[in-house]
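Here's the structure we're looking at; comments come further down.
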Ligand code: PAF
């Protein structure tokens with residue numbers, strides 16, 4: 001179906017809806033989002049339909065993953081636009097709970113994480129982030145009871161954290177990573193791209209370009225650490241304030257140790273007041 005999704009705002013109504021799907025023997029996917037829907041989210045919904053008969057997209061700007069100084073209040077919100085875009089991509093249900101539905105009075109539980117959540121990447125700069133993400137994602141998995149969950153590789157550390165959590169807590173859902181959707185010039189699609197000025201938008205191209213050069217250099221025999229340092233220098237030279245560029249084990253996000261392990265190059269850098277993240281796969285041939 002591509003059309004008008006049902007809008008559901010509370011867990012009880014959501015469970016009534018999914019109970020009917022279960023009775024009919026239908027498998028369903030969940031696509032967690034914070035709204036500001038763009039082509040990347042729509043691809044998650046489309047991929048969800050490849051893996052299941054029905055798709056629930058969730059739209060909830062999760063206060064627990066924002067620190068006090070971050071952009072919770074100014075995070076872009078457009079309910080009707082989001083519903084239309086999710087429906088056009090094939091979502092059957094848009095679950096849009098109010099903050100009190102997700103975090104009722106007295107809410108006192110947080111998922112506590114180690115492993116990929118403490119890899120020293122996003123967590124170094126956003127220490128509250130993954131506990132907030134994991135807590136809301138665990139709730140969304142339990143609330144929806146979905147069979148599969150679609151997550152973008154754009155937020156690669158998040159994808160690894162959620163994958164690990166599901167395995168560790170035996171949550172009966174299959175987490176599927178979907179390749180990053182990019183603009184024609186390579187910039188990863190992101191809800192935060194709307195904040196970029198025209199000059200910053202041009203500057204932003206350097207992130208994907210420098211990661212791609214670093215991946216080529218590793219394939220050609222440079223050490224992952226050396227290639228990551230060169231990418232960080234080139235981003236600084238392009239005017240970015242670099243939070244990190246790192247080559248990590250693609251599964252654990254630990255620093256690389258062996259010769260032939262699968263690697264991921266990950267970067268976060270500021271173009272003006274906008275923080276951009278990106279990552280790419282690299283298989284070392286050393
Ligand atoms: O990636 C996001 O948009 C959020 O971190 C998520 C997974 C919806 C949890 O709030």
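The values are calculated or read from the model by the stated rules, or taken from the named source; none is laboratory data. None of the values given here were measured: they were computed from a predicted structure. Positions of Cβ are generated from backbone atoms using ideal geometry, with glycine treated the same way; all protein chains shown enter the neighbour counts.
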Region 205-222, residues that are in contact (Cβ under 8 Å) with a residue 40 or more places away in the chain, over 16 Å from residue 266 (Cβ atoms) and touching a strand residue (DSSP E or B) at 6+ places or on another chain (Cβ under 9 Å): 219
Just for strands (runs of 3 or more DSSP E) wholly inside region 177-286: which have at least 2 residues that are surrounded by 13 or more Cβ atoms within 10 Å (Cβ to Cβ) and within 16 Å of the ligand (Cβ to nearest atom)? 262-271, 274-283
Quick check, is residue 120 away from the ligand (no atom under 13 Å from the Cβ), within 28 Å of residue 267 (Cα to Cα), in a loop (DSSP other than H, G, I, E, B) and modelled with pLDDT of 95 or more? yes
What number of residues within region 123-138 satisfy the criterion of being in contact (Cβ under 8 Å) with a residue 60 or more places away in the chain, more than 24 Å from residue 11 (Cα to Cα) and either touching a strand residue (DSSP E or B) at 6+ places or on another chain (Cβ under 7 Å) or away from the ligand (no atom under 13 Å from the Cβ) (or both)? 3
Criterion violated by residue 32 - all others in (1) within 14 Å of the ligand (Cβ to nearest atom); (2) assigned to a loop (DSSP other than H, G, I, E, B); (3) within 17 Å of residue 143 (Cβ to Cβ) satisfied: (2)
Against the definition (under 26 Å from residue 194 (Cα atoms) and either modelled with pLDDT under 95 or in contact with a strand residue (DSSP E or B) (Cβ under 7 Å, 6 or more places away or on another chain) (or both)), how does residue 43 come out, yes or no? yes
Subset of region 55-67, residues surrounded by fewer than 23 Cβ atoms within 10 Å (Cβ to Cβ) and within 20 Å of residue 15 (Cβ to Cβ), comes to 60
Could you look through region 139-169, keep only residues that are crowded, with 23+ Cβ neighbours inside 10 Å, more than 19 Å from residue 27 (Cα to Cα) and touching a residue at least 60 places away in the same chain (Cβ under 8 Å), and pick out the one that is nearest to the ligand (Cβ to nearest atom)? 152
In region 90-117, which residues are within 30 Å of residue 255 (Cα to Cα), within 13 Å of the ligand (Cβ to nearest atom) and over 15 Å from the mean Cα position of the chain (by Cα)? 111
Go through region 61-90 and give me each residue that's assigned to a helix (DSSP H, G or I), in contact with a strand residue (DSSP E or B) (Cβ under 9 Å, 6 or more places away or on another chain) and in contact (Cβ under 8 Å) with a residue 60 or more places away in the chain. 83, 86, 87, 89
Residue 54 fails exactly one of the following numbered conditions: (1) under 21 Å from residue 155 (Cα atoms); (2) more than 14 Å from the ligand (Cβ to nearest atom); (3) touching a helix residue (DSSP H, G or I) at 6+ places or on another chain (Cβ under 6 Å). What is the number of that condition? (1)
Checking residue 90 against (1) closer than 14 Å to residue 6 by Cα; (2) surrounded by 23 or more Cβ atoms within 10 Å (Cβ to Cβ), which test does it fail? (2)
